[in-house]
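The values are calculated or read from the model by the stated rules, or taken from the named source; none is laboratory data. Just so we're clear, the structure is a prediction, and the values are computed from it rather than from any experiment. Virtual Cβ from ideal backbone geometry, glycine too; neighbours counted across all protein chains shown.
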């Protein structure tokens, strides 16, 4: 019988808050209840935003909550070769291409498209890529990259879906939690909803979508437990797993912790950190009760 492997993968670009606590505790509890392993992964691939102080605070906060994890901790910044290998494989299959538009140029293109009607958006509400870089000659792509122009490497969704659809079995995943609309069980993936999504940038070696599937495969993760805000992204992750020949974990998406206005807690909104709650006198048991979990041992 395969030992279940769980992981918690925070980014050291801010302090952990109650939403992180719920996800970390659920992963840890489910690992213990199933006789599985609990791994900690530091999502520090974006070095422009990550800070050593935040990484140190992650270890401190998780230890305070009573969590124990295997060593050594997997740090993305020390495994960049894995993402490069995945990109090279996708490139060899003809599934990625560079685009050179700035964010301002993309916004202008979207505005132009919307003059003829609403422009489609991905499940996160971001407009799909509106450009035509896919048709740029390879010689021009090379010239611009050699010149040092900023670029994003995008997935050719139409080509990727064409290959994925050749397989007889549909692209699905097993969901043991619940999606935003109470979805559970076997879920039919819809990766096309993301359009020609970015997989890497000139200054960022891999997007979250690419790095998470590569890392989960390399670490042997069998159970992915994370927030409902990533439910729809699982369709894209399943496509990348199929293209790269990676194993499929079982997914469990959990409810989100929201503020008084109903918004998901986030670092960008300055959600109260665990370290602040601890300084104010909160105990680990208080945190468990606040996020809706039974005190440890019950």
Across the stretch 19-38, the tally of residues that are surrounded by fewer than 20 Cβ atoms within 10 Å (Cβ to Cβ) and in contact with a helix residue (DSSP H, G or I) (Cβ under 9 Å, 6 or more places away or on another chain) stands at 2
Residue check: is residue 150 part of a loop (DSSP other than H, G, I, E, B), in contact (Cβ under 8 Å) with a residue 40 or more places away in the chain and closer than 28 Å to residue 89 by Cβ? yes
message: Take the conditions in a helix (DSSP H, G or I), touching a helix residue (DSSP H, G or I) at 6+ places or on another chain (Cβ under 6 Å) and closer than 28 Å to residue 75 by Cβ and apply them to residue 236. Does it pass?
response: yes
Within the stretch 39-57, residues being surrounded by 22 or more Cβ atoms within 10 Å (Cβ to Cβ) and under 25 Å from residue 259 (Cβ atoms) number 0
When (1) closer than 18 Å to residue 271 by Cβ; (2) touching a strand residue (DSSP E or B) at 6+ places or on another chain (Cβ under 8 Å); (3) assigned to a helix (DSSP H, G or I) are applied to residue 21, the one that fails is (2)
The correct count of residues that are under 22 Å from the mean Cα position of the chain (by Cα) and at pLDDT below 95 in the stretch 140-177 is 1
**Prompt:** Can we say residue 68 is on the phi < 0 side of the Ramachandran plot and surrounded by fewer than 13 Cβ atoms within 10 Å (Cβ to Cβ)?
**Reply:** yes
Counting only strands (runs of 3 or more DSSP E) wholly inside the stretch 153-226, the ones holding at least 1 residues that are more than 30 Å from residue 37 (Cα to Cα) are 198-201
(request) Kindly check whether there is at least one residue in the stretch 252-263 that is under 30 Å from residue 162 (Cβ atoms), surrounded by 20 or more Cβ atoms within 10 Å (Cβ to Cβ) and either touching a helix residue (DSSP H, G or I) at 6+ places or on another chain (Cβ under 7 Å) or modelled with pLDDT of 95 or more (or both). (result) yes
Filtering the stretch 1-14 down to residues that are in contact with a strand residue (DSSP E or B) (Cβ under 7 Å, 6 or more places away or on another chain) and either on the phi > 0 side of the Ramachandran plot or modelled with pLDDT under 95 (or both) yields none
Scan the stretch 281-292 and tell me whether some residue there is touching a strand residue (DSSP E or B) at 6+ places or on another chain (Cβ under 9 Å) and surrounded by 18 or more Cβ atoms within 10 Å (Cβ to Cβ).
no
